[in-house]
Amino acid sequence: MVTKVASDRQGIQSIEVGFRLLHVIAANNRPMMLRDIAKGAGMPAAKAHRYMVSFMRIGLVEQDSGSGRYDLGAYALELGLSGLGRLDPVRLAVPFLEELCETVQETVALAVWGTHGATIVRIADAGGPVTVTLRAGTVLPLYNSATGRAFAAFHRSPYLKKFLDKELDEASGTSKVAITTLRRQLEKNLTEIREKGISRATGSLTPGINGFSAPVYDHSGQMVAAITSLGPVGEFNVEWDSPVASAMLKASQGLSQRLGFLSQEKQ
C-alpha cells in the first residue's frame with residue numbers, strides 16, 4: 001500500500017523522471033554502471049548522466065572514482081533513516097486491518113509484543129460472537145493461541161522463552177502430560193509454522209474458535225507485530241492454503257513492505 005496522491009495535480013515531470021533512476025539503483029541494492037541504470041529507467045545514457053550529476057551535487061547519489069559505478073549517497077541514507085523513524089506499525093496497520101476484515105468477513109486484530117507478552121492493540125470488528133474473545137489490551141498465551149504461536153515462532157525477545165517455559169509448566173500441571181512431551185509437540189508445531197509463514201490454532205484457546213496469525217516485519221527483519229483473524233469452527237477454514245490464510249499473508253506482507261521490509265527474494 002502506498003500513499004495516495006491525486007493524479008490530477010500538476011507536478012514537475014523532470015523530478016518524476018529523474019527519480020526513476022534512483023528507484024533502479026535502490027531496487028538493485030548494489031553500485032551500478034550508468035548504462036545499466038539508464039536502461040533500467042528506460043532513458044538514454046546521456047540524459048541519465050545529467051540527472052546523476054545533479055543528484056551527486058545534492059548527495060542523493062555518489063560515484064566510485066575507481067570503478068565509475070553509482071550508488072545511493074549519504075543524503076539518500078539520511079532521508080531513508082528519517083522516513084523509517086516516522087513509521088508507526090500500529091497506525092499504519094489500520095487500513096490493512098480494515099481491508100482484511102472486509103475480505104475475510106471475520107474479526108481481525110493487530111498484536112504487538114508488550115511488557116507481558118503478545119498484546120492486542122487494534123481490532124477491526126466484523127460483528128458476531130468472536131468479538132468477545134478480543135479486546136484491546138488482551139494478552140494472549142504463547143502456547144495455545146494463534147497470535148502467541150506466531151510470536152513464539154518468529155519474534156526475537158529475551159523474555160519470550162521465560163514466558164513460554166512458564167506456560168508449558170502450567171499446561172503440564174493442568175493436563176498431567178510431561179512437560180518434555182508438550183515441548184516436543186510445540187517445537188513440531190513451530191517448525192511447521194515457520195515453513196508456512198503463518199500460525200494457526202484450532203479451538204485450543206477458546207472452544208469453538210479457530211484462528212490464523214501472520215507475522216509483520218520492519219526494515220531490519222525484526223517481527224514487530226502480528227495480524228490475527230478469528231472465526232467459529234465450521235465456518236473458519238484453517239487449511240494452510242485456505243482463502244483466509246492467503247488473505248492474511250497478503251495483508252501481513254503488505255504491512256511489512258510499508259514498514260520497509262524486503263523479502264529474501266528482493267534482498
(request) Six or more apart or on different chains, Cβ under 7 Å: which pairs go from a residue in segment 211-235 that's farther than 16 Å from Lys196 by Cβ and free of Cβ contacts under 8 Å to residues at least 40 places away in the same chain to one that's assigned to a loop (DSSP other than H, G, I, E, B) and open to solvent by less than 30 Å² (accessible area, probe 1.4 Å)? Could you list them? (result) Val233/Gly203
(message) Taking the criterion of being within 27 Å of the chain's Cα centre (by Cα) and among the basic types (Lys, Arg), would at least one residue in segment 35-44 satisfy it?
(response) no
(request) For segment 67-83, enumerate the residues that are at pLDDT below 75 and either touching a strand residue (DSSP E or B) at 6+ places or on another chain (Cβ under 9 Å) or within 17 Å of His23 (Cα to Cα) (or both). (result) Gly80, Leu81, Gly83
(request) Scan segment 209-223 for residues that are aromatic (Phe, Trp, Tyr) and touching a Phe, Trp or Tyr at 6+ places or on another chain (Cβ under 8 Å) and jot them down. (result) Tyr217
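The values are calculated or read from the model by the stated rules, or taken from the named source; none is laboratory data. Keep in mind it's a predicted model, so treat the numbers as computed, not measured. Please note: Cβ atoms are built from the backbone with ideal geometry, for glycine as well, and neighbour counts cover all protein chains shown. The protein model used for the area step is the full one, side chains on, heavy atoms only, and it has no ligands, DNA or RNA in it. Shrake-Rupley method; radii C 1.70, N 1.55, O 1.52, S 1.80 Å.
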